[in-house]
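Written out below as structure tokens is the structure these notes cover.
Just so you know, all these numbers are worked out from the coordinates, no wet-lab data involved. Bear in mind the structure is a predicted one, so any value in this text is a computation, not a measurement. Backbone-built Cβ (ideal geometry, glycine too); neighbour counts: all protein chains shown.
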Amino acid sequence: MSENPFEFMFKSLDSFSRCAQTHISNFLSPLQNKPSLKDKSALLKSVDVSLASTSFTKEKSATPLTKEELGRGTWALLHAIAAQYPDQPTRQQKRDAKELMAILSRLYPCKECADHFKDVLKANPVHAGSQAEFSQWLCHVHNVVNRSLGKLTFPCQRVNARWGKLDCKDRACDLQGTPDLK
């Protein structure tokens, strides 16, 4: 076990964050050969309008998450981690993936959900021998949880189409990352 059991999660979140920032900057920068300040201002206003129509409005951010919002966010993070998981993980990465699931089952903010996830993990031990194996295992486990909630299941053969690797320049989203060029 690594010194900090959250290290894997923090590195993944950092990588995901950097990738999102890259996508946003790529979206806002070279639009039709350097748009004028007026064009950029219009673009930013349209992004603001778009964001205002989502669930991330000021009123909404002042209220606690619902159990459903927390669940959707958690599954999105876990699927993103599984999509970026290496094809040939190190022993430490395999241990970290298993430990991340164990930590979630102990610290998840919804006790009922955490207890259920413990039971799901007992019946479905983590498989993290490769990216494909980890993604398929996670999809299967997500479907176990969805069935218990009376929700539709996802066809796991389509997991890469839905949750494939992030599209980041120069492999900047890989768990190993790339060296900083600063």
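Would you mind counting up the charge near residue 83? Only other residues with Cβ under 10 Å from its Cβ, with Lys and Arg at +1 and Asp and Glu at -1. The answer is +2. Fully extending the segment from residue 88 to residue 133, taken as 0.36 nm per residue of separation minus the present Cα-Cα distance, adds 15.1 nm.
Between residue 119 and residue 169, the contour length at 0.36 nm per residue exceeds the Cα-Cα span by 14.1 nm.
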